[in-house]
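The structure under discussion appears below in the form of structure tokens.
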Amino acid sequence: MRKKLFIATFGCQMNDYDSLTMARLLNPTHELSDAPENADLIIINTCSIREKAEHKLYSLAGRYRTLKEKNPGLKIAITGCVAQQEGERLIERMPYVDIVLGPQGIYSLPEIVNSNGVGTDKKICINSLDPDFSIPLVKQTAPPPDQVRASVTIMQGCDNFCTYCIVPYVRGREISRDPSHIIQEIRDAVELGAREIILLGQNVNSYGRKHGGRPLKDHPGFSQLLEMADSVPGVKRLRFTTSHPKDVDESTARCYRELSSLCEHIHLPVQSGSTAVLKRMNRHYSREEYLEKIAMLKEACPGITITTDLIVGFPGETEKDFEQTISLLEEVRYDQIFVFKYSPRPGTPASRLPDQIPPDVKTRRIETVLKLQEKIGLEQYAKLEGKEVEILVEAEGREKSGDMQGRTRGNHVVHFPGSPDLLGKLVNVTIERACKHSLRGRLPYPN
Ligand code: 5AD
Ligand code: SF4
């Protein structure tokens, strides 16, 4: 009988992907369980992007410790960005932790788990980052968890070194994945029921340029990869995340014009509307250059949905700088934003900058941004009222509601009355009403 595996995942889509990879790697010996209480192995896949995310590890690990007191055979593993960052220190701080693995170390899990079975108390920590590492192709063992939507990693790491960000330190230098593995993984996902593919990476537009800090020669670039993915039979919709504004160029715009599966949405993190702040963030673009890229995308792809990430309270951010962020929101008119209070991360240059912003100012600024965006977002969503749009039906709606849930090509969630046999189908619905973060629609009445 297979043992039971429980995985708690924090953080971004890259971590979701890594958790899925770990479940696939361990599938021959472990079945996934949704309860930590009866697990033989618990993995906490951690995030360290902001302080709050890091704290979650310590409170959760404390809870699992008590499970281990009842079941001494239980193994506890910590993976992800905090594992990479803290390594052995995690075992010193929490002696009940058995295994610590950074993002490259997770591929050794089957070997480790088999040699670290019940009865051994050997501790294992792998948190080195090899610049020549190649991301393996791991067999998919079940339909994707999001049923019709599958994420496929195309690269790991980041070479941008934005001054606030810990990612380049914990995920290492950029590593591009072998294109044949990417295409194979997409084919396999389609075979298992996926209709929509999301290409994942910290910085997808620099795909194929460098590997572990060294330039790559004769490697397909991001737009070529998009073309290859677009031509895989059965891929109805293609998305990617995350893009860096400095790397979005005419070739990206061309893909929006030419590739039929590429959906009309881009997540393009701006971080701040002030050129002075962007400079201190080491973002390599000004407010004006960002706005030019947005104009280029809107021209290539009329009606494109634009979403973004924002940081408020970056060191030295004045009221004037903040006003620039507010006016940028009004100018771009995002459909959705993800806004964060600046959180100093250990070892990053911004954590050593003078003029750190007091917490009450950060709170006021984030509230101002959220209030404005609520209004803009609703106005953006309301533009779809009365329109007929194509949606990919992705799940059943809330229990007993009789609703199904789908997504427009612009990535708006739509709820509509419908039957479960529509799952995985592309249907046209008429939008009746816009809500805060979703739309309400209906299928056309039968003639
Ligand atoms: N503080 C606050 N937000 C951060 N982000 C990254 N690092 C920090 C930090 N130190 C945000 C950025 C990024 C998103 C994933 O997280 O907006 O785009
Ligand atoms: Fe972090 Fe900047 Fe790289 Fe994004 S581009 S992962 S914010 S360093």
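Results, tabulated for the structure shown:
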{"quantity": "Qualifying positions in the range 259-286 - within 16 Å of ligand 1 (Cβ to nearest atom) and assigned to a helix (DSSP H, G or I)", "calculated": "V277, L278, R280"}
{"quantity": "Filtered residues of the range 176-210 (kept if within 16 Å of ligand 2 (Cβ to nearest atom) and farther than 13 Å from S151 by Cβ)", "calculated": "S176, Q202, N203, N205, S206, Y207, R209, K210"}
{"quantity": "Looking only at the range 48-69, and only at residues there that are assigned to a helix (DSSP H, G or I) and of a type in the set (S, T, Y), the one that is farthest from R89 (Cα to Cα)", "calculated": "T66"}
{"quantity": "Subset of the range 143-173 (residues that are away from ligand 1 (no atom under 16 Å from the Cβ) and of a type in the set (D, E, K, R))", "calculated": "D146, R149, R173"}
{"quantity": "Failed criterion for D98 (all others in (1) more than 18 Å from K122 (Cβ to Cβ); (2) free of Cβ contacts under 8 Å to residues at least 60 places away in the same chain hold)", "calculated": "(1)"}
{"quantity": "Enumeration of residues in the range 293-325 that are under 25 Å from the mean Cα position of the chain (by Cα) and more than 23 Å from R239 (Cβ to Cβ)", "calculated": "I311, V312, G313, F314, T325"}
{"quantity": "Y290 being touching a helix residue (DSSP H, G or I) at 6+ places or on another chain (Cβ under 8 Å), away from ligand 2 (no atom under 16 Å from the Cβ) and either of a type in the set (F, W, Y) or not in a strand (DSSP E or B) (or both)", "calculated": "no"}
{"quantity": "Check on A39, within 24 Å of the chain's Cα centre (by Cα) and under 14 Å from A8 (Cα atoms)", "calculated": "no"}
{"quantity": "Flag for P110 being surrounded by fewer than 17 Cβ atoms within 10 Å (Cβ to Cβ), modelled with pLDDT of 90 or more and not basic (K, R)", "calculated": "yes"}
{"quantity": "Checking R239 against (1) touching a Cys at 6+ places or on another chain (Cβ under 7 Å); (2) of a type in the set (D, E, K, R); (3) more than 21 Å from N15 (Cα to Cα), the condition it does not meet", "calculated": "(3)"}
{"quantity": "The range 279-320, residues that are at pLDDT 95 or above and at positive phi", "calculated": "N282, H284, G313, G316"}
{"quantity": "Boolean, A395 is surrounded by 13 or more Cβ atoms within 10 Å (Cβ to Cβ) and not in a helix (DSSP H, G or I)", "calculated": "yes"}
{"quantity": "Helices (runs of 4 or more DSSP H) (entirely within the range 109-204) containing at least 3 residues that are touching a residue at least 24 places away in the same chain (Cβ under 8 Å), assigned by TED's automatic domain parsing to the domain that holds N27 and of a type outside the set (S, T, Y)", "calculated": "109-115"}
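The values are calculated or read from the model by the stated rules, or taken from the named source; none is laboratory data. The shown structure was predicted, so the numbers you read here are calculated from the model rather than taken from an experiment. Neighbour counts are summed over all protein chains in view; Cβ atoms, including those assigned to glycine, are modelled from backbone coordinates with ideal geometry.
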